[in-house]
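Single-structure report; data block below.
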Amino acid sequence: MEQRHLGRTGLRVSRIGLGTLTWGRDTDEHDAADLLKTFWEAGGTLVDTADVYGDGESEYLLGRLIEGLVPRRDLVISTKAGSVADPDRRVDGSRGHLLSALDDSLARLGTDYVDVWHIHSYDPWTPLEETLQALDLAVSSGRARYAGVSNFCGWQLAKAGTWQLAAPGTRTRLAATQLEYSLLQRGIEREVLPAALDLGIGLLPSSPLGRGVLTGKYRGNTTPSDSRGASEHMAPFVAPYLDDMASSIVDAVTTAADGLAVTPLQVALAWVRDRPGVAAPIVGARNSQQLTAALSVEALSLPDEICRALDDVSAPVHRYPDHDWSTL
């Protein structure tokens with residue numbers, strides 16, 4: 001698998017990442033082992049998790065598979081901290097909480113360091129400089145090799161990235177940002193993506209298949225019994241992308257796939273993988289067969305005319321001040 005630099009850093013990652021959101025909850029150890037082995041054998045290196053995935057079980061399960069199945073040195077492990085199970089405060093970006101959470105993550109993963117450590121979300125109740133200092137301490141102590149943020153909007157990412165660059169040698173530049181990005185969700189193109197490109201921050205798109213909808217499995221108002229849409233706790237996650245607008249985009253993806261003699265999954269994933277600023281889409285799969293289907297996109301590059309057609313049918317509405325005011 002092709003390797004790409006993560007942002008403006010020397011770290012290289014596989015251009016498709018493996019997500020572990022369901023590990024330890026819907027994905028048991030046997031299936032997780034199959035997924036990790038399939039991914040590694042295909043040349044994949046970037047494995048993404050978080051301290052809240054499966055209430056920590058995702059990290060614990062990944063840790064059990066490292067070394068026994070796949071050498072630690074062959075993986076680029078990314079995890080996150082900051083989300084909390086407090087209904088009154090869903091995010092805790094305080095330095096104390098973040099560093100404690102990192103120590104807990106390392107213990108579950110059974111490793112001395114993570115390759116990329118992300119702040120899971122912006123905390124409006126904690127000064128941003130305090131949150132970012134946790135990244136600096138994590139890197140300077142060797143517990144994390146690179147730092148990033150997740151789910152930051154445009155101004156938040158620009159402020160954080162600029163703050164880190166303001167004191168080179170003292171603060172750790174942001175290597176990555178992780179947000180949802182797909183043909184069904186292009187909101188980051190308004191401000192987040194331009195900020196990331198300007199600051200040299202690599203983008204790791206989550207849900208690049210539109211929460212599974214872009215595979216075409218939900219066409220015709222059908223919900224496969226083994227899909228996320230049929231899962232009690234995942235159905236609300238899929239539901240926003242089952243409207244008429246999404247349906248028209250899925251139809252366009254399917255038409256393009258038919259014309260190229262490939263699958264809708266391959267078309268949708270190739271589109272987001274090759275967007276400007278993207279380092280590696282994070283793909284979550286239920287089993288090794290699904291993952292193999294996703295990894296088969298490695299040989300596919302979409303023709304320019306297909307990309308333009310998909311861009312047009314999925315184009316988000318950008319109005320003032322996102323566009324140059326003089327053109328409005």
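The values are calculated or read from the model by the stated rules, or taken from the named source; none is laboratory data. As the structure is a computational prediction, the values presented were derived from the model and not from experiment. Don't worry about glycine lacking a Cβ; one is built from the backbone with ideal geometry, like all the others, and counts go over all protein chains shown. For accessibility, only protein heavy atoms count, side chains too; no ligands or nucleic acids. Shrake-Rupley method; radii C 1.70, N 1.55, O 1.52, S 1.80 Å.
Compute a Gaussian network model of the chain, connecting alpha carbons closer than 10 Å, and tell me which residue from 296, 121, 58 fluctuates the most.
Result for the chain, Cα springs under 10 Å: 296 fluctuates most.
Under 18 Å from the Cα of residue 159, which aspartates and glutamates turn up, not counting those fewer than eight places away in the same chain?
Here the aspartates and glutamates satisfying the reach criterion relative to residue 159 are 123, 129, 130, 136, 189, 191, 198, 322.
Need the full-extension length gain, residue 112 to residue 312, defined as separation in residues times 0.36 nm minus the C-alpha distance. One decimal, nm.
67.4 nm
For every helix of n ≥ 4 consecutive DSSP H residues, a contribution of -39,500 (n - 2.57) applies; sum these over the chain, divide by its total residues, and give [θ] at 222 nm rounded to the nearest 500 deg cm²/dmol.
-11000 deg cm²/dmol
Which values of log₁₀ I(q)/I(0), to two decimal places, follow from the Debye formula for the stretch 145-196 at q = 0.21, 0.22, 0.26 Å⁻¹ with a uniform point scatterer at every Cα?
Debye output, listed in q order: -0.72, -0.78, -0.99.
Roughly speaking, to the nearest percent, how much of the chain's 1.4 Å accessible area is carbon and sulfur?
Carbon and sulfur together cover 50 percent of it.
Quick one: putting +1 on the C-beta of Lys and Arg, -1 on the C-beta of Asp and Glu, what dipole do you get for the chain around its Cα centre, in Debye to the nearest 20?
Value, rounded to 20: 600 debye.
Want the number for residue 305 to residue 197: 0.36 nm per residue separation, take away the alpha-carbon distance, what's left?
36.5 nm
Along the three principal axes, how long is the stretch 4-100 when you take its alpha carbons, biggest first, rounded to the nearest angstrom?
Sorted largest first, the three principal extents are 43, 36, 19 Å.
Cα atoms only, the stretch 61-173: Rg and Dmax in Å?
Calculated on Cα positions, Rg and Dmax stand at 14.3, 43 Å.
Using Cα springs under 10 Å in a Gaussian network model of the chain, which residue among 35, 69, 132 shows the largest mean-square fluctuation?
69
Quick one: of the DSSP bridges fully inside the chain, what percent are antiparallel, nearest 5?
15
Leaving out ligands and nucleic acids, note down the accessible area per residue over the stretch 1-61 with a 1.4 angstrom probe, in whole Å².
Heavy-atom SASA per residue in the stretch 1-61 reads 39 Å².
Around residue 291, with a cut-off of 14 angstrom between Cβ atoms, what is the net charge of the other residues, counting Lys and Arg +1 and Asp and Glu -1?
Value of the local net charge: -3.
Please report the equivalent ellipsoid semi-axes of the stretch 113-169, computed as sqrt(5 x eigenvalue) of the Cα gyration tensor, largest first, in whole Å.
18, 13, 10
Can you list which of the GluC sites (Glu not before Pro) found in the stretch 1-89 are DSSP loop residues with at most 15 other C-beta atoms within 10 Å?
2, 67
At a Förster radius of 41 Å, what calculated FRET efficiency corresponds to the Cβ-Cβ distance of residue 239 and residue 104, to the nearest 0.05?
Rounded to the nearest 0.05, the efficiency is 0.80.
Using a probe radius of 1.4 Å on heavy atoms only, what accessible surface per residue do you get for the stretch 239-320? Whole Å² is fine.
Value returned for the stretch 239-320: 47 Å² of accessible area per residue.
What does the charge add up to near residue 145, with Lys and Arg as +1, Asp and Glu as -1, over the other residues with Cβ less than 11 Å from its Cβ?
Computed value for this residue: -1.
Can you tally the net charge around residue 275? Count Lys and Arg as +1, Asp and Glu as -1, for every other residue whose Cβ sits under 12 Å from the Cβ of residue 275.
Neighbour charge sum, excluding residue 275 itself: 0.
Quick one: divide the alpha-carbon radius of gyration of the stretch 105-240 by 2.2 N^0.38 Å and tell me what you get.
Taking the Cα Rg and dividing by 2.2 N^0.38 Å, one obtains 1.25.
Which far-off residues, 5 or more places away or on another chain, put their amide H under 5 Å from the one on residue 146, with H placed in the peptide plane?
Amide H neighbours of residue 146, under 5 Å, 5+ apart: 116, 117.
For residue 247 and residue 155, compute 0.36 nm times the residue count separating them, minus their Cα-Cα distance, and round to one decimal in nm.
Length difference between fully extended and current span is 30.0 nm.
Amide H of residue 11: which non-local residues (sequence gap of 5 or more, or other chain) have their own amide H closer than 5 Å, using H built in the peptide plane?
Amide H to amide H, under 5 Å and 5 or more residues apart or across chains, residue 11 pairs with 6.
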